Amino acid sequence: MIIAIDGPAASGKGTLARRLAEAFHLAYLDTGSLYRATGVAALRAGGDPAAEADAVKAAKTLDLTQFSPADLRTEAAGVAASQVAFIPAVRAALLDFQRNFALNPPGGAVGAVLDGRDIGTVVCPNATVKFFIEADLETRVIRRVKELREKGENIIESRVRADMEARDARDKDRSVAPLKPADDAFILDTSKMNADEVFATAKAHVERHI
Ligand code: CDP
């Protein structure tokens with residue numbers, strides 16, 4: 001069983017993915033962390049995440065053990081991630097790892113949940129169930145500001161909003177694997193839902209498909 005979850009920044013994909021993985025005993029891959037790690041690796045090497053040569057080199061030599069969750073969840077890492085993600089050769093370099101995770105989930109799990117931007121459209125077009133999780137910009141800004149402040153990051157709300165708008169635009173407008181719902185995705189607008197409501201709705205949808 002493969003569950004594909006796509007959607008824009010801070011729409012609630014990660015929280016839902018983690019809960020579905022637990023409920024159905026599936027392995028979980030946050031594919032955004034691969035792009036974040038690639039962006040941070042390019043910065044650490046003194047390169048520019050938006051420059052193809054620097055970004056591709058970082059993707060091809062990626063060693064995930066070099067990054068703590070705190071290294072990857074900063075707003076700067078999110079911006080660098082969306083810059084490397086814009087480059088088709090970076091996406092190609094990260095594709096095999098994602099498909100292999102979905103088809104051969106670690107730890108003997110019976111399947112996998114992957115979340116990202118192009119899971120239902122490109123990485124796992126044959127996923128058992130596909131979700132596209134949305135929320136309006138203001139809701140997503142409030143969620144992200146809360147997440148970053150809880151982690152102790154000193155951030156300015158207007159900056160988070162501007163970064164998120166720029167990131168959404170880059171993710172939607174790129175030529176390869178743009179952010180968009182798969183034709184057969186279940187679209188869930190979470191603007192007025194809490195995490196429990198999102199989980200209950202999604203779980204019922206999965207149960208109808210297995
Ligand atoms: O947590 P948040 O939704 O803010 O971001 P993320 O899922 O960690 O992804 C960070 C960035 O990586 C996104 O803005 C996308 O540009 C890129 N990404 C992608 O292009 N394709 C994926 N499957 C996952 C992430």
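The values are calculated or read from the model by the stated rules, or taken from the named source; none is laboratory data. Here the structure is a predicted model, which means the values were calculated and not measured. Don't worry about glycine lacking a Cβ; one is built from the backbone with ideal geometry, like all the others, and counts go over all protein chains shown. Side chains are part of the model used for accessible areas, which takes the heavy atoms of the whole protein and leaves out ligands, DNA and RNA. Shrake-Rupley method; radii C 1.70, N 1.55, O 1.52, S 1.80 Å.
Hey, among the residues in the range 22-36 that are of a type in the set (A, V, I, L, M) and assigned to a helix (DSSP H, G or I), which one's most open to solvent (accessible area, probe 1.4 Å)? So the residue we want is A23.
Looking only at the range 75-84, which residues are under 16 Å from R159 (Cβ atoms) and open to solvent by less than 40 Å² (accessible area, probe 1.4 Å)? So that I can check it myself, show each step before the final result.
Start the filter on the range 75-84 by keeping residues that are under 16 Å from R159 (Cβ atoms), which leaves 75-80, 82.
If the condition is that a residue be under 16 Å from R159 (Cβ atoms) and open to solvent by less than 40 Å² (accessible area, probe 1.4 Å), then E75, A77, G78, V79, A80, S82 are the ones that fit.
Among residues of the range 84-97 that are touching a residue at least 24 places away in the same chain (Cβ under 8 Å), those with a Cβ under 6 angstrom from a residue that is charged (D, E, K, R) and within 11 Å of the ligand (Cβ to nearest atom), sequence gap 6+ or separate chain, pair up as F86/R170; F86/R174.
Of all residues in the range 173-208, those that are near the ligand (Cβ under 10 Å from one of its atoms) and over 16 Å from A4 (Cβ atoms) total 2. Could you check how many residues of the range 85-101 are crowded, with 24+ Cβ neighbours inside 10 Å and more than 8 Å from the ligand (Cβ to nearest atom)? Result for the range 85-101: 1. Taking the conditions (1) assigned to a helix (DSSP H, G or I); (2) within 20 Å of R140 (Cα to Cα); (3) open to solvent by less than 30 Å² (accessible area, probe 1.4 Å) in turn, A55 satisfies each one other than (2). Candidates R73, R19: the one that is within 30 Å of D189 (Cα to Cα), more than 14 Å from the chain's Cα centre (by Cα) and of a type in the set (K, R) is R19. If Q66 satisfies all but one of (1) open to solvent by 60 Å² or more (accessible area, probe 1.4 Å); (2) under 17 Å from G116 (Cα atoms); (3) not hydroxyl-bearing (S, T, Y), what's the number of the condition it fails? If we test Q66 against (1) open to solvent by 60 Å² or more (accessible area, probe 1.4 Å); (2) under 17 Å from G116 (Cα atoms); (3) not hydroxyl-bearing (S, T, Y), just (2) comes out false.
Do you know which residues across the range 4-21 are under 21 Å from E165 (Cα atoms) and not in a helix (DSSP H, G or I)? Listed by number, the residues that qualify are I5, D6, G7, P8, A9, A10, S11, G12.
Looking only at residues of the range 132-172 that are within 22 Å of D6 (Cβ to Cβ) and small (G, A, S), we find that the one that is least open to solvent (accessible area, probe 1.4 Å) is A135.
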